[in-house]
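Taking it in order: structure first as structure tokens, then the write-up.
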Amino acid sequence: MKIDVEGAEVLLINGAEKTIRTHRPAIFMSLHIPIPTAMALADRIRLMGYVVTFSNSSYDLTAIRLPHIS
């Protein structure tokens, strides 16, 4: 999912959570929210089983869901 919603990142993740959990897409998100909000959003995405990284001075978030290893 490539996301650039100019400040509505939290609302988008709230609305897309079922789709994200079901289909487990890679997430590439341009952030337009305060850093504390971005960190809380990253924690929420991590709880869905993703590894989250920031780049470009914390303005871009990348989340990749790792496969389950038995």
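Every number here is computed from the coordinates shown, using simple stated rules; none is lab data. Because the structure is a prediction, the values reported are computed rather than measured. Cβ coordinates were reconstructed from backbone atoms using ideal geometry, including for glycine residues, and neighbour counts include every protein chain displayed.
Between V5 and L47, what is the label-point separation in nm under the 7 Å Cα-to-beta-carbon projection?
Each label point is offset 7 Å from its Cα along the Cβ direction, giving 1.7 nm.
Under unit Cβ charges (Lys, Arg +1; Asp, Glu -1), what dipole magnitude, rounded to 20 debye, does the chain have relative to its Cα centre? Provide the component values of the computation, followed by the final result.
Numbers: 7 positive and 6 negative charges, 74 e Å.
Computed about the Cα centre, the dipole is about 360 debye.
To the nearest 10 degrees, how steeply does helix 35-47 sit against the main Cα axis of the chain, on a 0 to 90 scale?
The two axes meet at around 10 degrees.
At 0.36 nm per residue, and after removing the present C-alpha to C-alpha distance, how many nm does the segment from I64 to K18 gain when stretched out fully?
Length gained between I64 and K18: 14.9 nm.
Among the DSSP beta bridges whose two residues both lie in the chain, what percent are antiparallel, rounded to the nearest 5?
Bridges in the chain that DSSP calls antiparallel: roughly 85 percent.
In Å, what Kirkwood hydrodynamic radius results for the chain from the alpha-carbon pair distances?
After inverting the pairwise mean of 1/r, the radius is 12.1 Å.
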